[in-house]
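Shown next, in structure tokens, is the structure this report addresses.
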Amino acid sequence: MHIQSVELRKIELPFITPFETSGWREVANHAIIVRVQAEGYEGWGEAPVSSGPWYNEETQATAWVMACEHLAPMLLAHELTGPEDVATLYAHVRGNRMAKAGFEFAVWDLFGRIQGQSLSTMLGGTRQRVEVGVSVGVQPDLDTLLQVVDGYIQAGYQRVKLKIKPGWDLEPTRLVRETWPDLRLQVDANSIYTLADASHLAHLDAYDLLLIEQPLAHDDIVDHAKLQRQINTPICLDESIVSPEHARWAVELRACGVINIKPSRVGGLHAARQIHDLAATAGMPVWCGGMLETGIGRAVNVALASLPNFSLPGDISASERYFARDLVQTPFRLNPDSTLAVLDRPGSGIEVDIALLEQVTREKVILKREKEQSSRDIHHRGTEGIERGH
Ligand code: OSB
Ligand code: MG
């Protein structure tokens with residue numbers, strides 16, 4: 001099969017409340033939305049990059065260049081026999097995994113819609129609902145933190161993750177643990193500490209945490225292995241695991257007890273499933289992380305989390321936790337048992353809210369396959385009616 005056209009959009013969809021980590025603040029989703037068409041069907045994907053290179057090296061601007069100049073033309077020029085071919089096609093493009101993942105997700109969705117199979121079924125999912133939690137950003141003060149956590153618990157979330165940083169770690173964690181002794185609680189440092197903080201981090205052992213996520217450098221595995229020997233709480237790697245090889249290295253070095261799998265971080269669902277399988281073999285639990293995605297990316301995370309070794313709740317919250325209005329016709333809703341339903345419609349199962357998508361699109365490009373070459377039409381928002389063709 002040949003993809004006939006690729007539509008790319010830079011979007012800006014504001015969050016209900018800004019999201020603050022140990023090192024940066026997000027006020028809106030700045031993803032790139034990918035739409036592919038073939039055989040009268042379409043597929044959608046989200047590359048959940050942000051405005052700056054704070055989580056990883058990618059930004060909306062770098063992913064846009066990669067997508068327009070390399071990834072879309074490569075996809076249009078090659079015959080595909082299935083979604084697995086995308087990983088092979090992009091294997092010799094270094095890095096830029098979120099940009100690649102946006103295309104890979106769209107192709108999985110496309111094949112699912114053509115074959116009438118849900119993404120969960122295609123991936124080997126075994127659940128109809130997935131357990132989820134909520135990730136709570138750094139708050140201005142402890143009172144606000146308690147209010148925010150209480151709000152999420154009232155909404156039905158049974159697992160909470162606190163973002164921590166120096167000066168906002170032991171005290172918030174202690175307070176939340178004291179207030180809710182039975183809550184499933186974990187923390188995420190987004191790479192702010194060093195090995196010199198080991199004895200400080202060991203104080204977190206007192207709070208019965210499920211895990212401590214990515215305490216050390218974004219590209220480190222070795223020091224995490226050293227740290228894990230000095231603390232009892234399982235370390236969970238996020239940023240450091242960008243491929244199945246990195247997962248294998250972390251397992252072999254005993255750098256962590258748990259892996260957070262974000263399919264976008266590792267270049268797509270093919271790599272995500274390999275990490276899932278490798279961790280299952282090693283007896284290491286995994287869970288599905290999030291990148292504050294719109295419903296388009298959320299559907300992919302939910303489908304992935306339906307695989308059997310996803311044994312801890314995911315950072316896959318309901319649409320209303322992020323957006324006043326999500327980009328999909330049916331927003332994701334939290335069930336009273338702190339789960340989200342796995343969609344069992346063809347492909348990712350979502351229907352895009354095109355009217356809203358148009359409103360939040362900042363730039364749009366359509367690349368078409370025309371025999372052996374592709375052409376592009378560019379539409380810049382704010383210059384209505386102007387179309388440039390190359
Ligand atoms: O480190 O897990 C992270 C959001 C953006 C970037 C990195 C992270 C996060 C989250 C939020 O923790 C997860 C979500 O609700 O999507
Ligand atoms: Mg994280």
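Some points to look at:
- When +1 charges are put on Lys and Arg Cβ atoms and -1 charges on Asp and Glu Cβ atoms, the dipole computed for the chain relative to its Cα centre reaches about 340 debye.
- DSSP bridge orientation in segment 121-341 - percent antiparallel, rounded to nearest 5: 15 percent
- Sorted by Cβ neighbour density within 10 Å, fewest at the top, the residues ARG265, ARG25: ARG25, ARG265
- Among beta bridges identified by DSSP and lying wholly in the chain, the antiparallel ones come to about 65 percent.
- Over the chain, equivalent-ellipsoid semi-axes from the Cα gyration tensor in Å: 35, 22, 20
- Residues ILE354, ILE231, ranked from the fewest to the most other C-beta atoms within 10 Å, line up as ILE354, ILE231.
- Straight-line reach from LYS368: taking Cα to Cα under 25 Å and skipping same-chain neighbours fewer than 8 places apart, the lysines in range are LYS10, LYS100.
- Note on SER311 and SER243: the model spin-label points, each 7 Å out from Cα along the C-beta direction, lie 2.8 nm apart.
- Put a plus charge on the Cβ of each Lys and Arg, a minus charge on the Cβ of each Asp and Glu, and nothing anywhere else: the dipole of segment 121-341 about its Cα centre is then about 600 debye.
- Dividing the helix sum by the residues of the chain, where each DSSP H run of 4 or more adds -39500 (n - 2.57), gives a mean residue ellipticity at 222 nm of -9000 deg cm²/dmol.
- Residues THR62, THR173, sorted so that the one with the fewest Cβ neighbours within 10 Å comes first: THR62, THR173
- Span from the segment 128-174 Cα centroid across to the segment 66-97 one, whole angstrom: 38 Å
All of the numbers you see were taken from the coordinates with simple rules; none came from a lab. It should be emphasised that the depicted structure is a prediction, and the values quoted were computed from it without experimental measurement. No Cβ is skipped: glycine too gets one built from the backbone with ideal geometry, and neighbour counts run over all protein chains shown.
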